[in-house]
Amino acid sequence: MTKILITGALGQIGSELSTALTKVYGPENVIITDIHDTNTSDLPLHYEKLDVNNEKAIQEIIEKHQINDVYHLAAMLSATAEKFPVKGWELNTHSLLYFLELARNKKIQKLFWPSSIAVFGRGAQKENTPQEDVKNPLTMYGIAKSAGEGFCEIYHKNYGVDVRSIRYPGLISWKTQPGGGTTDYAVDIYYKALEQGKYTGFLNAKSRLPMMYMDDAVRATIELMQAPAENILVRTAYNLQAISFNPEEIAYEIKKHIPNFQIDYQPDYRQQIADNWPYSTNDIQAREQWNWKEEFNLESMTIEMLNNLKNKLKLTNS
Ligand code: NAD
Ligand code: AKB
């Protein structure tokens with residue numbers, strides 16, 4: 001049976017991906033890790049503290065649990081990485097190299113590492129950005145993701161490492177709050193709509209960006225990792241398109257359910273980050289090579305978000 005280790009497992013993606021992987025591989029085969037001290041009795045899975053800046057600690061945990069596959073999610077997201085550029089660069093690149101080295105030395109079999117739409121920047125086509133378009137990112141986060149994609153391709157080509165990656169768009173979920181990205185507004189807006197009936201956005205009304213509901217992202221990740229190796233022809237990271245919208249459009253969708261909902265706009269430093277990212281990406285390779293297809297659009301995602309958050313907030317407040 002495949003034994004799995006997840007880093008950054010308490011984050012927005014990790015908290016949902018770990019549950020999904022448990023359903024596939026069994027709870028006894030999924031080890032979740034993060035940098036926090038956590039009362040492990042609160043968690044349904046086997047948790048261990050792991051700082052991915054510590055190469056020796058990574059090696060030890062891989063050996064201790066005889067890990068086969070790693071989902072390396074620990075990272076610093078775009079908005080935070082602009083504030084802490086050196087820490088962001090180190091966390092987002094060095095830790096990936098540690099896992100790639102383990103794979104090169106056959107200590108692990110398969111590695112998943114997420115990239116981002118942030119790899120695109122100056123000179124890239126804004127609409128329907130092709131898989132192989134120019135990558136001139138203008139953020140520390142995007143530069144680190146672009147370097148990471150390069151590492152993955154080289155380790156695959158030169159050392160036969162089975163590393164797979166997706167350029168996730170902004171991910172929207174109700175279970176765990178996002179952790180410091182530019183697309184975080186698209187989660188916060190649902191909370192504020194339910195709690196306060198109004199929201200002040202940090203991007204302008206027309207800032208359209210690629211987005212995806214978490215259920216689609218988790219399913220895509222598992223499908224990519226389960227696809228036969230010979231189908232995976234992109235070893236940088238796959239474009240994956242689902243939904244594109246701007247703050248005005250998501251607000252319009254929310255108003256269908258909360259008619260008095262109000263939005264206003266006070267763009268901050270994150271506007272400049274968003275201005276460099278695509279409006280939508282072309283993901284034909286993912287669709288053709290491993291049958292990627294999204295299930296959620298803006299309408300169905302909004303219904304899911306509002307219904308689930310209503311229950312969650314009721315429980316939290318009672
Ligand atoms: P998140 O910020 O919600 O979670 C990251 C986790 O990493 C946190 O739980 C944090 O405690 C942990 N972490 C931070 N430093 C660590 C360290 N030194 N050692 C171990 N753990 C550490 O992020 P996320 O949204 O779950 O993103 C996961 C990955 O997906 C990242 O690589 C991110 O760049 C990528 N991604 C996310 C999105 C998105 O919209 N969520 C979009 C594109 C790409
Ligand atoms: C962020 O905004 O930093 C992330 C991403 C698109 O990579 N959500």
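For the range 26-46, the set of residues classified as under 27 Å from Ser116 (Cβ atoms), at pLDDT 95 or above and open to solvent by less than 30 Å² (accessible area, probe 1.4 Å) consists of Val30, Ile31, Ile32, Thr33, Asp34, listed by residue number.
Which of the residues that make up the range 101-116 are assigned to a helix (DSSP H, G or I) and closer than 19 Å to Thr2 by Cβ? Matches in the range 101-116: Leu102, Ala103. Does at least one position in the range 192-203 carry a residue that is within 14 Å of ligand 1 (Cβ to nearest atom) and open to solvent by 10 Å² or more (accessible area, probe 1.4 Å)? No: the range 192-203 contains no residue that is within 14 Å of ligand 1 (Cβ to nearest atom) and open to solvent by 10 Å² or more (accessible area, probe 1.4 Å). Residues in the range 61-100 that are more than 14 Å from ligand 1 (Cβ to nearest atom) and either of a type in the set (Lys, Arg) or free of Cβ contacts under 8 Å to residues at least 12 places away in the same chain (or both): Lys64 only. Scanning the range 56-92 for residues that are surrounded by 15 or more Cβ atoms within 10 Å (Cβ to Cβ), assigned to a helix (DSSP H, G or I) and within 15 Å of ligand 2 (Cβ to nearest atom) returns Ser78, Ala79, Thr80, Ala81, Glu82, Pro85, Gly88, Trp89, Leu91, Asn92. When the residues of the range 133-163 are filtered to those that are in a loop (DSSP other than H, G, I, E, B) and away from ligand 1 (no atom under 13 Å from the Cβ), the one that is most open to solvent (accessible area, probe 1.4 Å) is Leu138. Screening Ser95 against (1) away from ligand 2 (no atom under 16 Å from the Cβ); (2) more than 18 Å from Gly14 (Cβ to Cβ) leaves a single unmet condition, (2).
Among the residues of the range 287-314, those identified as farther than 22 Å from Pro259 by Cβ and without any contact (Cβ under 8 Å) to a residue 60 or more places away in the chain are Arg287, Glu288, Lys293. Among the residues of the range 164-191, those identified as open to solvent by 10 Å² or more (accessible area, probe 1.4 Å), assigned to a loop (DSSP other than H, G, I, E, B) and away from ligand 2 (no atom under 11 Å from the Cβ) are Trp174, Lys175, Thr176, Gln177.
Given the criteria within 8 Å of ligand 1 (Cβ to nearest atom) and among the hydroxyl-bearing types (Ser, Thr, Tyr), does Thr176 qualify? Answer is yes for this residue.
The values are calculated or read from the model by the stated rules, or taken from the named source; none is laboratory data. Predicted, not measured: the structure shown is a model, and the values here were computed from it. Neighbour counts are summed over all protein chains in view; Cβ atoms, including those assigned to glycine, are modelled from backbone coordinates with ideal geometry. In case anyone asks, the SASA skips ligands and DNA or RNA and just uses the protein heavy atoms, side chains included. Shrake-Rupley method; radii C 1.70, N 1.55, O 1.52, S 1.80 Å.
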